[in-house]
Amino acid sequence: MTNTRIASQKSSPEPQTRVPKRQRGHERVAVLLEAAARVFLEKGYDAATMTEIAAAANSSIGSLYQFFPTKLLLAEALHIDRLQQLNGALAELAEKTRGRSAAEIGDAIFTRFGRFIEDHPEFPALAARRDVPKERKAKSRAELRASITGLLKNAEPSVERDVDLLGALVLELLRIVVAAANDPDGSGDPRLVGELRRMLRKRLEEVTPCT
């Protein structure tokens, strides 16, 4: 009887982010996201509270929960927004790097990524979260890898034969940069990024055919 009763019970629906329908709502969500970015940067994701984020946005806690019922949903919305901006930034490099060598394209990617981290210093904290949904994480990594690979495909001389491996390599090096930025012992040390850039340049030069 007990098992039957349990089986017949309906599970509670998962909380969902509310999508605003009006411009004022979109503007409010933007304010909440930027407030979350500041608090995540200052406190770290785990220590940050929804109350602190609401206060940073000059908003009531009820208004925050109206759009984002949980901290996870708020962090996910902010993380996805930043990833979209990163993919957009990489897309802007396409015309600027077309016809350049693979090594030059690698340098351009590192430079643009460094500027992105400067503009969005909360990104490493978002990327380091332990509750990032696995499916979304895999999808985001695939999109970033595709963006990087697309840039390398425009290299001259061509590195087409190794381009998928090189795209994965660049992505892994960028992940190291993000992890270091979230590590109190490694953040702010420009030598690490410089070493990674030199490693990447050397590898890209090795696979570039002689003309």
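The values are calculated or read from the model by the stated rules, or taken from the named source; none is laboratory data. Worth saying up front: this structure is predicted, and the values here are computed from it rather than measured. Positions of Cβ are backbone-derived with ideal geometry, glycine not excepted, and every protein chain shown enters the neighbour counts. Note: areas computed on protein heavy atoms with side chains; ligands, DNA, RNA excluded. Shrake-Rupley method; radii C 1.70, N 1.55, O 1.52, S 1.80 Å.
Charged side chains reduced to their Cβ positions (Lys and Arg at +1, Asp and Glu at -1) give the chain a dipole of some 720 debye around its Cα centre. Phi-derived couplings, Karplus 6.51 cos²θ - 1.76 cosθ + 1.60 at θ = phi - 60°, listed residue by residue for the range 44-50: x, 4, 4, 7, 5, 10, 5 Hz, with x used for Gly and Pro. Farthest toward the positive end of the dipole of the chain, out of 192, 87, 105, is the Cα of 87, where the dipole comes from beta carbon charges about the Cα centre. Rounded to the nearest 10 Å², what accessible area does residue 49 show when all protein chains are kept and the probe is 1.4 Å? Accessible surface of residue 49 is approximately 60 Å². Counted residue by residue at 0.36 nm each, then reduced by the alpha carbon distance between them, the extension gain from residue 65 to residue 49 reaches 4.6 nm. Within the same chain, aspartates and glutamates fewer than 8 places from residue 137 are excluded, and of the rest, those with a Cα less than 12 Å from its Cα are 76.
Taking 0.36 nm per residue of separation and subtracting the current Cα-Cα distance, fully stretching the chain between residue 42 and residue 95 would add 15.4 nm. Shown here for the range 57-112: trypsin sites (Lys or Arg not before Pro) in loop regions (DSSP other than H, G, I, E, B) with at most 13 other Cβ atoms within 10 Å, namely 98. Tell me what the chain gives for mean residue ellipticity at 222 nm when only DSSP H runs of n ≥ 4 count, each as -39,500 (n - 2.57), the sum divided by the residue total, rounded to 500 deg cm²/dmol. Theoretical 222 nm ellipticity from helices: -22000 deg cm²/dmol. Here the simple spin-label model places points 7 Å from the Cα toward Cβ, and for residue 195 and residue 85 these points are separated by 3.0 nm.
When the accessible area of the chain is split by element with a 1.4 Å probe, what percent falls to carbon and sulfur? Exposed carbon and sulfur together represent 52 percent of the surface. The convex hull around the C-alpha trace of the range 127-183, projected and averaged over every direction, spans 4.3 square nanometres. Helix 23-43 against the longest principal axis of the chain: what's the angle in degrees, Cα atoms only, rounded to the nearest 10? That works out to roughly 70 degrees. Hull volume per residue, based on the alpha-carbon atoms of the chain and their convex hull, is 170 Å³.
Remark: the residue 156-residue 111 segment gains 14.2 nm on full extension, using 0.36 nm per residue and subtracting the alpha carbon distance.
How big, in percent, is the set of alpha carbon pairs in the range 94-140 lying more than 11 Å apart? Here the long-distance tail beyond 11 Å is 74 percent of all Cα pairs in the range 94-140.
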